[in-house]
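Beneath this line is the structure, given in structure tokens, with notes to follow.
The values are calculated or read from the model by the stated rules, or taken from the named source; none is laboratory data. Given the structure is predicted, the values throughout are model-derived calculations rather than measurements. No Cβ is skipped: glycine too gets one built from the backbone with ideal geometry, and neighbour counts run over all protein chains shown. Note: accessible area is taken over every heavy atom of the protein model, side chains too, but ligands, DNA and RNA are not part of it. Shrake-Rupley method; radii C 1.70, N 1.55, O 1.52, S 1.80 Å.
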Amino acid sequence: YLVILTVIDRSLSTDRLVYSVIVLEFVLLETGVWFTHDLAKQIGHAESIMEALALSAFPNSAQDIDLESKRIKIELARSRRYHRPLSLVIIETEADKQKVAREMLRSVQYDLMSRFTSARIGQIIDDRIRQTDLALKDRKGGFIVLCPETDLASAIMLGERISQAVEERTDLHILWGVAAFPEEALTFDDLLLKARERLAR
């Protein structure tokens with residue numbers, strides 16, 4: 001506020017710096033900041049409620065990818081140490097659906113439907129993977145399945161099964177891609193990159 005006060009030409013609004021005006025402007029600015037902060041908190045609270053509603057309707061075990069980084073490292077280290085296969089399956093909604101999603105982003109109805117759809121897909125993935133597989137959810141709402149003791153051919157079969165099940169139960173088409181360790185990539189990030197390349201195709 002002090003920087004703006006010194007930079008802006010106030011000659012059109014007042015002849016000199018009136019302290020009562022400065023105090024009023026500062027109070028209004030602080031009130032605006034407080035309302036903005038409170039609004040952001042309420043939006044976050046509403047989003048968490050919608051997420052909880054979606055998960056209560058379609059419970060699934062998909063974990064946040066950032067929270068599971070330790071287990072991801074353990075699985076990769078185990079596969080590297082014992083020379084065991086490990087594959088990764090990435091699952092996302094179709095690109096044209098995402099374009100429509102961006103256009104409808106301001107709609108509360110769409111936001112709810114998007115969360116319920118994501119939770120439903122997560123539930124279907126849960127039904128198709130083994131207990132040893134790790135289901136993850138990324139920041140964009142896509143799913144990643146880390147499959148220990150699984151070669152590329154088996155991961156492709158898993159991707160096909162998940163895709164077919166999602167289409168049968170929801171009428172949605174998904175994009176999916178796979179990558180295998182160590183034949184195609186040696187790190188988790190490289191596995192993701194390889195799987196996304198196949199996803200794009």
May I ask you to derive the relative contact order of segment 107-201, considering only C-alpha pairs under 8 Å and at least 6 residues apart, and to give it as an integer percent? 18 percent
Hey, rough spin-label estimate for M113 and E183, points 7 angstrom out along Cα→Cβ, what's it come to in nanometres? 4.0 nm
Once amide H atoms are placed 1.01 Å from N in the peptide plane, what residues at a sequence separation of 5 or more from T93, or on another chain, have their amide H within under 5 Å of its amide H? L175
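Count charges around I124 for me, please; just the other residues with Cβ under 11 Å from its Cβ, Lys/Arg as +1, Asp/Glu as -1.
Values: positive: R120, R128, R161, R169; negative: D126, D127, E167, E168.
Neighbourhood net charge equals 0.
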Area of K70 that stays accessible when all protein chains are in place (1.4 Å probe, Å², to 10): 150 Å²
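How would H173, H45 line up by accessible area, probe 1.4 Å, largest first? Each step should come with its number before you reach the end.
Details: H173 85, H45 105 Å².
So, going from the largest accessible area down, we get H45, H173.
If you scale each eigenvalue of the Cα gyration tensor by 5 and take the root, what three semi-axes come out for segment 107-181, rounded to whole angstrom and sorted largest first?
On the way: eigenvalues 111, 34, 22 Å².
So the three semi-axes of segment 107-181 are 24, 13, 11 Å.
Give the ranking of Y82, Y1 by solvent-accessible surface, highest area first, calculated with a 1.4 Å probe. Intermediate values should be presented prior to the final figure.
On the way: Y82 130, Y1 65 Å².
So, going from the largest accessible area down, we get Y82, Y1.
Residue separation times 0.36 nm, minus the C-alpha to C-alpha distance between R161 and V23: what's the value? Intermediate results must be reported in sequence, preceding the final value.
Numbers: separation 138, 0.36 × 138 = 49.68 nm, distance 6.53 nm.
Contour length minus the Cα-Cα distance gives 43.1 nm.
At a Förster radius of 35 Å, what calculated FRET efficiency corresponds to the Cβ-Cβ distance of R139 and L5, to the nearest 0.05?
On the way: r = 39 Å, r/R0 = 1.12.
With R0 = 35 Å, the Cβ-Cβ based efficiency is 0.35.
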Can you work out ³J(HN,Hα) from phi for every residue in segment 70-81, in order, using Karplus 6.51 cos²θ - 1.76 cosθ + 1.60 and θ = phi - 60°, giving whole Hz and x for Gly and Pro? 5, 5, 4, 4, 4, 5, 5, 5, 5, 5, 5, 5
